[in-house]
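Shown next, in structure tokens, is the structure this report addresses.
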Amino acid sequence: MKILVLYYSKGGNTRRLAEAIAEGVARVEGATPILKKTDEVAKEDFVEAAGIIAGSPVYFGTMAAQLKCVFDDFVGIRKKKKWKTRWEPPLRRQGMPPGGRKPRYSPSFRPC
């Protein structure tokens, strides 16, 4: 079972988290991680994946535009595969709470 670990990282912190998660996925019997940056991912990666773990820094309370664009580009694949639509908060790296408020722990995006 292939698990796509997809991430966008500007400074390297989210990349390190994604690499650690991919190492954890590799320890699960029968699971193989596919570690990809947002500018490297291809349609085939989504087609082959049994699941996706997405990571991004938080900008203005939401995921980076680079990650959002990937999900927008490949939304048709998700609908065709009929994955169970269970979205958890993606792997996120947040320097400080937006607007000085306490961070929200709700999902950054919801299924269409």
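Computed from the C-beta positions of Glu48 and Cys69, the FRET efficiency with R₀ = 25 Å rounds to 0.80. Within the straight-line cut-off of under 14 Å between alpha carbons, the aspartates and glutamates reachable from Lys37 are Glu19, Asp45, sequence neighbours fewer than 8 places apart in one chain being disregarded.
Quick note: the coordinates plus some simple rules give every number you see, no bench work behind them. These numbers were taken from a predicted model, which means no experiment stands behind them. In this analysis, Cβ positions are derived from the backbone assuming ideal geometry, glycine residues included, and neighbour counts consider all displayed protein chains.
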